[in-house]
Amino acid sequence: MQVTNPKSEIRNSKSTYAIIVAGGSGSRMRSVLPKQFIELCGEPVLMHTIRVFHESASSPQIILALHADYHQLWATLCSKHNFTIPHLLIAGGETRFHSVKNAIDQITGIDALIAIHDAVRPLVSADIINEAYRCAAAHGSAVTAVKSRDSIRQIKDGTSTNLNRDSIYLVQTPQTFQLALLKKAYEQPYTDNFTDDASVVEQSGVKITLIEGDHSNIKITFPEDIAIAEALINKKSHQL
């Protein structure tokens, strides 16, 4: 495994980067292991996620933001699974906002494109990754989202109201931005309103562009999600 000093900077003025945010715990999985380390088809979820970015046509430089308490475990797992994809390992922060900010601080340059992705979305496709970089290069931002398949109701003041699901989108990752926009956005002080990277960038005055995601790009959150992910991976392998 290629892991550089967390204090070093990645220097490339025209390049693509992927920040993999791996700060989740195993609480909702009812697991002592954080969910990014749970095995999926024989190897940790996180390895699947890193590999799809590495093998995409965009081939970004990868920065893994992981809580410092788990750096040694990650090194052990990489050795066990002979996982050698190059990546920069840095300490995650108190929140997602702070983890992403720590990662951004490692990158210098003006024209770089940065994709930020949940460690526990291992089924993202290379097509989505490549389109995210293309769109961000053209428009400044590219946030992956899918239309809601379900009817939506909003509760306000104790009363539920139907919403038009055709105008409701469920946000996924990657969320991809031009570096200059991202750096400026993350100079803002943290607030609880920052639920994802798009909300941070939008607050700085940047218009958010959505790109089409995929309902199979699931976030591993509950135990049943592992079974669903394995079924999707097996289905894809049989189609190849």
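Every number here is computed from the coordinates shown, using simple stated rules; none is lab data. Everything quoted here is computed from the prediction, not taken from an experiment. Note that each Cβ is placed from the backbone with ideal geometry, even for glycine, and that neighbours are counted across all protein chains shown.
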Cα gyration tensor shape of region 57-126, rounded if a/c is under 1.5, else prolate or oblate by comparing a/b with b/c: oblate
Ordering of 138-146, 72-80, 212-220 by burial proxy (mean other Cβ atoms within 10 Å per residue, highest first): 138-146, 212-220, 72-80
THR176, THR49 arranged by Cβ crowding within 10 Å, fewest neighbours leading: THR49, THR176
Calculated diffusion of region 118-178, Stokes-Einstein form, Kirkwood radius summed over Cα pairs, 20 °C and 1.002 mPa s, µm²/s: 159 µm²/s
For region 207-220, Karplus couplings with θ = phi - 60° (6.51, -1.76, 1.60), whole Hz, Gly/Pro x: 6, 9, 9, 8, 10, 6, x, 8, 5, 7, 7, 7, 9, 5
Per-bin percent of Cα-Cα distances, the chain [5 Å]: 1, 6, 13, 17, 20, 18, 12, 7, 3, 1, 0
Prolate/oblate/rounded label for region 102-143 (Cα gyration tensor, a/c 1.5): oblate
Compactness relative to 2.2 N^0.38 Å, alpha carbon Rg of region 91-230: 1.12
Neighbour-count order for ASP105, ASP157, fewest beta carbons within 10 angstrom listed first: ASP157, ASP105
ASN217 long-range amide H proximity, modeled H, under 5 Å: none
Only Lys, Arg (+1) and Asp, Glu (-1) charged, at Cβ; region 15-239 dipole about Cα centre in debye: 200 debye
Theoretical gain in end-to-end length, GLU43 to GLU230 [0.36 nm per residue, Cα-Cα removed]: 66.2 nm
Relative contact order, percent, the chain [alpha-carbon distance under 8 Å, six or more residues apart]: 23 percent
LEU40 long-range amide H proximity, modeled H, under 5 Å: VAL45
Cut-off 14 Å between beta-carbons: net charge of the residues surrounding HIS48, Lys and Arg +1, Asp and Glu -1: -1
Proxy reagent accessibility, fewest Cβ within 10 Å first, across PHE222, PHE53, PHE194: PHE222, PHE194, PHE53
Those aspartates and glutamates that a straight Cα-Cα span of less than 14 Å connects to LYS235, excepting residues fewer than 8 apart in one chain: none
